[in-house]
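The values are calculated or read from the model by the stated rules, or taken from the named source; none is laboratory data. Only a predicted model underlies this, so the values are computations on that prediction, with no experimental measurement involved. Cβ atoms come from the backbone with ideal geometry, glycine included; neighbour counts cover every protein chain shown. Note: areas computed on protein heavy atoms with side chains; ligands, DNA, RNA excluded. Shrake-Rupley method; radii C 1.70, N 1.55, O 1.52, S 1.80 Å.
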Amino acid sequence: MTKPNAVAIEITSTMNSQSVAPEEYFVEEEPYYESSGDEIAVFEAAYRNKLPVLLKGPTGCGKTRFMEFMAWRLKRPLITVSCHDDLTASDLVGRFLVKGGETVWVDGPLARSVRSGAICYLDEIVEARKDTMVVIHPLADDRRVLPMEKLGALLEADDDFCLAISYNPGYQSVLKDLKQSTRQRFVALNFEYPHAELERRIVANESGVAAPIAENLIKFAHMTRNLKGSGLEEGASTRLLVHAGKLIASGIAPVTACRSAIAQAITDDDDMLKAIQELSSSLF
Amino acid sequence: MAADTPLTAEQIEHDLDVCLELEFTFLNIGGISQLLSVQSREEQEFLLGWTRRIATTNIQIAYQFLRRAPDLLKRMDRRVMETWALHAMDTYDRVGLHAAMQIIRDVNQFMQHKHAHAAAAVFDDVRGILLNFVHGLSGRALKLEQGDAAYTDSETLYLPAVIAQLPDANDNFSLSKAMVAMLWAQTRYGTFQVDISQALHAYPDEHHALQLFHSLETLRLEACIQRELPGLFRDMQGLKSALGQTNTPVWSSYAEQLANPESTAGDCLRLLEKAYHGPLPDPTCYQGELRPEAIAACMTARVEREKALFRIKLAQLASDASRIPDEANASPRPFEIREALASLASLPSLELVLDDIPVTPPDDVRQLMTSIQLDLGNIPDEYLVPAGPGEYDAMLIEEKTIDPNEVWQGTYHEEGAFFYPEWDFGRQHYRKNWCVMREREVTPVYDEFVTQTKQKHAGLLKLLRKTFEALRDENRMLKRQAQGDEIDIDALVESLADASDGREMSDRLFIRAHRNERNIAVMFMVDMSGSTRGWINDAERESLVLLCETLETLGDRYAIYGFSGTTRKRCELYRIKQMDEPYNDTVRARISGIRPQDYTRMGFAIRHLSKLLHGVEARTKLLITLSDGRPDDYNDNYRGRYGIEDTRQALIEAKRLGIHPFCITIDQEAREYLPHMYGAVNYTVIDEVPKLPLKVAGIYRRLTM
Ligand SMILES: Nc1ncnc2c1ncn2[C@@H]1O[C@H](COP(=O)(O)OP(=O)(O)OP(=O)(O)O)[C@@H](O)[C@H]1O
Ligand SMILES: [Mg+2]
């Protein structure tokens, strides 16, 4: 048996290669987004100045929707990566693959955004492994370069490229806190659950329920948010209210919809479930 | 004898002779044993079992229980009977024999309305749900406790131990919920915004007036609930009709007048002038009681405290807001309050404004604002002036951080302490709030101890570092993976060769870092009892130094607390290193300063440290006890089986929280009882304390691999 004594490694161009596909698209139609302050103007100004943006806020309060809206408004493609605790720098930057005996380099979503001038949105950044920060830092200051260690290259960002990350400060945990050296690179936008009137409009609009039902759903949400810290990690998000609204709009009884779409989603604790059940049946 | 053959009177007498210690107590049990002997074996076991359990607390209570119980068995649900017995024991724990005997004697009152059947809502069962329920409703964060009736002092809601007016379990639960809701409504809709006691002075029969006022308020609050919580209101109507309660025509007309959303407690006082001369209606089933003295005492203290606290917080907010440093010293300008625009919240939401700029108050200030609003209806102008420097005595206001040393001295009191239950194996139940616990500081001793220890054990330390580093580097590289960050050149070469030989080519060509990101939190609970005096104490301190030095290389989070105490009323945990405190000179000096104290009561320490550990976010949580011996305490029965069983129970509770408990001990006799407490694999006995860090490494490996 003879073994070849050298292996040719060829780096092919990246654009037509396929990797684990992130959601990438131009947002064609205007997404429905209710603004609750000056976040649109601030984001735009940051974008024009090539500053990266940090969206802070609890889950399901409209951060992703906002990004879609901004992508549409700025007419840039949006590449979203949901970070998880197995996500490594290579997952973002890219890696070699072996295909039919050849070694092929494949860009990760971040590298693709950097080259093509897309908006790259890294959702829940603190969940990712610590080594991802190494590649984000040089992108997030005025160097605007992506180190591609495996290729021994620095990729300069396209002028239209924009980096946005999200972070939920509610899960206060020392392990998963965003480091000062990271957060101080970003323009921060604070998101909260919309105020009652606005949230009611969103829920009615998104789910199609009548205003009085939407109003009761908001009251119920506030009850669960009162429970945050005394037994609940997080109250019901706008997203869950939209879910419950949709069930109700399809004919499910409100109390049942609240149980299935909201209560079961926010807790497994028996006493808490029963209490939340009592709260929703008090309202409807 | 078959297991279901009833016991004879003699057998029963023999049993009681032992548990009631007849030899000394001379209690007369002749009639009782006769009575018992005609009951079924199963009933006998139930009654004797509980008599035995109560007797471990107090024999007189057990005897009085036994005298009444056979008769009660016919008309009382067993669960209610158990609640009754436990309630008597709790009362004994809290206030003594006299009150406990009262509860045993007044069994009918305990049962309330004599419907103590299987469908009862028992406080301990419903408390968890109802507490969450009130917290979900808006307003002040209320507490929920068991009391002698349903009433509130405006901060704590009290419910009776058993609610059993209705034949159906769901209805009794609904009733308890309705009671809680009515009490909440009093705090929420301003019942206490009038001075009730003073208003009632005008009436010759104050008691009568109070009850009328309470009934009128109930009508008003029902209307509030109908508006805000229509589903709950329907439930409450259902309860009333199940119990056949209706309003008389006169009272229906009162109800109509009070249904106006603008009605206040003041309107009820005005209606009282009319109603006073009429008859008193039956109280609504969920009405509970109104106790103006309890309310007044609680409110006076709160109003004063919150005013001061609020003004101090405003002063902080004002100085945070002023960007020019000098301005901070200028005399403070008052804040303003504006009503925030359109809100669905039923309580008007207020906006805090300084110099025309809205200020977002932090959560605690927001809660204060709510509480003040509930007491006074609004936030008065004088509240909006930030407190000047030194205007208030900080002692009056701040979360009471009292020096534990002072608290223990002189007249004993329990302010600012934590309370923990203790498992009484005789009773087969907890003693509530049994241990009074405080956290204290170890007095740091800045000396050469740590340096000397490091020198003395330099060799061992090196070994330990290696061992722990190996643990850390268990992030090893996995070869021949289907996916990975690097190409496995060896595998690639081989498979290319395979391919050129016409064989199938493997796709396992990558190297992947096996990243077992460490996510551990460890709590060390160190025995500081008097028995560690001497070499054990030195050895403990040395091994803590070695532990810290090595754990630092892992970068894991860990905390160290010492435990000791004298009796249940003085349980102490000594902070040596808190979870996220760096291992610095102070911590080193505290380790050096660890001194043997008193006794080894363990349950409270495990419970408190489990609670702390539970609050930490980590995938793996370890509670490691370093101890020289078995649980023991001064002059009470913590020695022996009682202490072992309580410790075991506390460990079971810890496991339920997902914590892994371990014990490292140098008590050579520990093998007798440690398996019972910790389980066979979760303890280790060592003969030389410097071996301890190695053991810890072993435990780590077992848990994290
Ligand atoms: N301001 C808003 N305008 C329109 N819809 C909204 C708004 N806020 C929330 N929503 C609704 O809530 C849903 C959840 O919002 P979104 O997915 O943007 O949450 P998120 O903040 O990205 O949550 P996560 O942190 O979990 O990713 C949206 O699908 C939309 O229906
Ligand atoms: Mg999202």
With Rg from the Cα atoms and Rh as the Kirkwood inverse mean 1/r over Cα pairs, region A:196-283 has an Rg/Rh of 0.94
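Quick one: pull the percent of accessible area on region A:54-137 belonging to carbon and sulfur, 1.4 Å probe, ligands and nucleic acids left out. Walk me through the intermediate numbers first.
Working: 1260 of 2480 Å².
In region A:54-137, the share of accessible area belonging to carbon and sulfur is 51 percent.
In square angstrom and rounded to 100, what buried accessible area do you get between chains A and B, total over both, with the probe at 1.4 Å?
Chains A and B together bury approximately 3600 Å².
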Quick calc, residue B:208 & residue B:146: beta-carbon distance into FRET formula, R0 35 Å, rounding 0.05, result 0.75
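Per residue, how big is the convex hull of region B:559-629 when only Cα atoms are used? Give it in Å³.
Numbers: hull volume 7.0 nm³, N = 71.
Given the Cα convex hull of region B:559-629, per-residue volume reads 98 Å³.
Taking R0 as 60 Å, what FRET efficiency do you get between residue B:351 and residue B:252 from their Cβ-Cβ distance, rounded to the nearest 0.05? Show your work: numbers first, answer last.
Values: r = 41 Å, r/R0 = 0.68.
FRET efficiency, residue B:351 to residue B:252: 0.90.
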HN-Hα J couplings of region A:207-222 from phi, Karplus 6.51/-1.76/1.60, θ = phi - 60°, integer Hz, Gly and Pro as x? 9, x, 7, 5, 3, x, 5, 4, 4, 5, 4, 5, 4, 4, 4, 4
On full extension of the chain, what length is gained from residue B:657 through residue B:226, given 0.36 nm per residue of separation minus the C-alpha to C-alpha distance? 151.1 nm
Per-residue [θ]222 nm for chain B (sum of -39500 (n - 2.57) over DSSP H runs n ≥ 4, rounded to 500): -15000 deg cm²/dmol
Rounded to the nearest 0.05, what FRET efficiency is calculated for residue B:668 and residue B:614 with R0 set to 35 Å and r the Cβ-Cβ distance? 0.60
What is the antiparallel percent of DSSP beta bridges lying wholly in chain A, to the nearest 5? 45
Report P(r) for region B:476-515: all Cα-Cα distances, bin width 5 Å, range 0 to the bin holding the largest distance, values in whole percent. 7, 30, 27, 18, 10, 6, 2, 0
Of the residues B:189, B:259, B:138, the Cα lying farthest along the dipole of region B:121-273 towards its positive end, which is defined by charges on the beta carbon of Lys, Arg, Asp and Glu, belongs to B:138
Subtracting the Cα-Cα distance from 0.36 nm times the residue separation, let me have the gained length for residue A:269 to residue A:153 in nm, one decimal. 36.7 nm
For region B:518-704, which semi-axes, largest first and in whole Å, follow from the square roots of 5 times the eigenvalues of its Cα gyration tensor? 23, 19, 16
For region B:93-224, take every pair of Cα atoms, bin their distances at 5 Å starting from 0, and report each bin as a whole percent. 2, 9, 16, 18, 18, 16, 13, 6, 1, 0
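Does chain B come out rounded, prolate or oblate, given a ≥ b ≥ c as the square roots of the eigenvalues of its C-alpha gyration tensor, rounded meaning a/c under 1.5 and, failing that, prolate meaning a/b above b/c? Don't jump to the answer; show the numbers that get you there.
Values: a/c = 1.82, a/b = 1.28, b/c = 1.42.
Cα axes put chain B in the oblate bin.
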Classified through the alpha carbon gyration tensor (a ≥ b ≥ c as square roots of its eigenvalues; rounded if a/c is under 1.5, else prolate when a/b is larger than b/c, else oblate), region B:229-278 comes out oblate
Mind grabbing the base-10 log of I(q)/I(0) for chain A at q = 0.09, 0.15, 0.17 Å⁻¹? Debye formula, identical points on the C-alpha positions, no solvent, two decimal places. -0.52, -1.12, -1.29
For the residue pair residue A:183 and residue B:552, what label-to-label distance in nm results when each label sits 7 Å from Cα along the Cα-to-beta-carbon direction? 2.7
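Would you mind classifying region B:1-123 by shape? Square roots of the alpha carbon gyration tensor eigenvalues, ordered a ≥ b ≥ c; an a/c under 1.5 is rounded, otherwise it is prolate if a/b is larger than b/c and oblate if not. Could you put the intermediate results ahead of the total?
Details: a/c = 2.10, a/b = 1.24, b/c = 1.70.
Oblate, since a/c reaches 1.5 and b/c is not below a/b.
Report the per residue volume, in Å³, of the convex hull enclosing the C-alpha atoms of region A:59-209. Could the numbers behind the result be given before it?
Details: hull volume 22.9 nm³, N = 151.
Expressed per residue, the convex hull around the Cα atoms of region A:59-209 is 152 Å³.
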Entries of A:50/B:479; A:130/B:462; A:56/A:219 with Cα pairs more than 31 Å apart: A:50/B:479
What nm distance separates the two modelled labels at residue B:320 and residue B:293, each placed 7 Å from Cα along Cα→Cβ? 4.2
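Eigenvalues of the Cα gyration tensor times 5, then square-rooted: what semi-axes does that give for region A:93-160, in whole angstrom, largest first?
On the way: eigenvalues 92, 44, 28 Å².
Gyration-tensor ellipsoid for region A:93-160: 21, 15, 12 Å.
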Once every Cα of the protein assembly as shown carries one equal point scatterer and solvent is ignored, give the base-10 log of I(q)/I(0) from the Debye formula at q = 0.05 Å⁻¹, two decimals. -0.43
How far apart, in nm, are two points set 7 Å out from the Cα along the Cα-to-Cβ line at residue A:42 and at residue B:34? 8.6
Under the rule of -39500 (n - 2.57) per DSSP H run of 4 or more residues, summed and divided by the residues of chain A, what mean residue ellipticity at 222 nm is obtained, to the nearest 500 deg cm²/dmol? -11000 deg cm²/dmol
